[in-house]
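The structure appears right after this line, and notes come after that.
The values are calculated or read from the model by the stated rules, or taken from the named source; none is laboratory data. None of these values were measured; they are calculated from a predicted model. Neighbour counts are summed over all protein chains in view; Cβ atoms, including those assigned to glycine, are modelled from backbone coordinates with ideal geometry.
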Amino acid sequence: MDYYPKFGFHAVEEQQPAMELAGKGQSGTLKKLDGQSDEDIKFIFDLAKSKMPLADRFSTTDTAELLMFYSTYVFPQNIYYWPEKEMIILMNIEGETLHMYDVITNKKADLQETAARVAPPEVKKVRFHFTVPVSSQIKTEAFRGDEVLFVRPASGLVLPDNFKHPVTSQA
């Protein structure tokens, strides 16, 4: 951790969005994709190239190649396609928590609705691993992960409050 400050970088605290669920869920029909299948990888990459930002206040762009690394090596068994919404979701369930790592779509997405509709009935909480639009249903918690975001201040750079650097955009 001492390496980056020597070059003018400083650690920035991220906030992780989370949402409590109190519904039945699983009304979206999902098709499981395989991060090791050439056909599925091509499909994911084609949609990732035209991916819309998920939040106006903080998003990454032009990261399709990095997203493909995560699809192939980190989350190859956690990729789902929702044909009705033309959306790919990288997600995993741990106990009663649904972890949403990314949503790939070229349309505006209601992330609250998406989470509520794809979560199985046993899920009580959703943790988003990226910045989401501000909502009264979605709260933020201090992010406690293994990685630390380092930023080198630039003239005019102002980071928003309550943001989470997308996990699938981290190199």
Unique match (being touching a residue at least 12 places away in the same chain (Cβ under 8 Å), within 21 Å of Gln137 (Cβ to Cβ) and touching a Ser or Thr at 6+ places or on another chain (Cβ under 9 Å)) among Leu54, Leu90, Leu21, Leu98: Leu54
Tally time: how many residues in the stretch 90-139 are in a strand (DSSP E or B) and either surrounded by fewer than 13 Cβ atoms within 10 Å (Cβ to Cβ) or not hydrophobic (A, V, I, L, M, F, W, C) (or both)? 9
Which members of the stretch 140-152 meet the condition of being part of a strand (DSSP E or B) and under 26 Å from Asp110 (Cβ atoms)? Thr140, Glu141, Ala142
Being within 17 Å of the chain's Cα centre (by Cα) and surrounded by fewer than 16 Cβ atoms within 10 Å (Cβ to Cβ) is the requirement here; does Val151 meet it? no
Leu66 versus (1) out of contact with any strand residue (DSSP E or B) (no Cβ under 9 Å at 6 or more places or on another chain); (2) modelled with pLDDT under 90: which is the lone unmet condition? (2)
